[in-house]
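The values are calculated or read from the model by the stated rules, or taken from the named source; none is laboratory data. What you are looking at is a predicted structure, and each value in this text was computed from that prediction instead of being measured. Note: ideal-geometry Cβ built from the backbone for every residue, glycine included; neighbour counts use all protein chains shown. Please note that ligands, DNA and RNA were not included when accessible areas were found on the heavy atoms of the full protein model with its side chains. Shrake-Rupley method; radii C 1.70, N 1.55, O 1.52, S 1.80 Å.
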Amino acid sequence: MAKQSINLGTAPTGVGGDTPRSAFTKANANFDELYAFDATIKSAAKVDTGLSVGTVQLIGSPPPINGHAAFAQPGSHFINYGDDTISRPAGGSYWSGFRAQYPFLNCGMDLVAEVVTGTGLNLRFRTINQDGSPWPWRIIYHDGNTTRAADGTLKAI
């Protein structure tokens, strides 16, 4: 439906304009259309939550996955490790990054990877075993923490 405008008539008296009843009928029709459309859209106040496609994951304190607290928070999200975190990478007190998780619902296993950065040029990553336990943190080598030998190969600093 197109917007229904109220005819205010000729100023200053409003001669030739809509009657109060027809004006409010148009206003009600406009509001009915807006409320019907509002019911079909999502907002922060009306978002669907969960771990399935099309939902937003809520951050909370779920139980560990397969008994491993390192992967206690399911789903893709940002992560932080502080100096009091048991499974943080070595070589720094604070780490921040992201976790990407894709659930394979038919086989009971998820693909999980975490990538974090610490102080300086430190970058680390790890993945998850089939039993849900994390693999050790690995260093990501790049042009800030390596040098090139004369033959072009990378050498750790």
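Here SER96 does not fit the description of being over 22 Å from the mean Cα position of the chain (by Cα) and either over 27 Å from THR49 (Cα atoms) or modelled with pLDDT of 75 or more (or both). A Cβ distance below 6 Å, combined with a sequence gap of six or more or placement on separate chains, defines the contacts here; from the range 133-157, residues that are under 16 Å from THR117 (Cα atoms) and in contact (Cβ under 8 Å) with a residue 24 or more places away in the chain reach residues that are among the basic types (Lys, Arg) and in a strand (DSSP E or B) in the pairs TRP137/ARG124; TRP137/ARG126.
For the range 124-147, enumerate the residues that are over 11 Å from GLY92 (Cβ atoms) and either assigned to a strand (DSSP E or B) or in contact with a Cys (Cβ under 6 Å, 6 or more places away or on another chain) (or both). PHE125, ARG126, THR127, ILE128, PRO134, ARG138, ILE139, THR146, THR147 - these are the residues of the range 124-147 that are over 11 Å from GLY92 (Cβ atoms) and either assigned to a strand (DSSP E or B) or in contact with a Cys (Cβ under 6 Å, 6 or more places away or on another chain) (or both).
Scanning the range 107-121 for residues that are within 20 Å of THR85 (Cα to Cα) and over 24 Å from the mean Cα position of the chain (by Cα) returns THR119, GLY120.
Among PHE125, PHE78, which is the only one that is open to solvent by 40 Å² or more (accessible area, probe 1.4 Å), modelled with pLDDT under 85, of a type in the set (Phe, Trp, Tyr) and under 22 Å from the mean Cα position of the chain (by Cα)?
When all the criteria are applied, what remains is PHE78.
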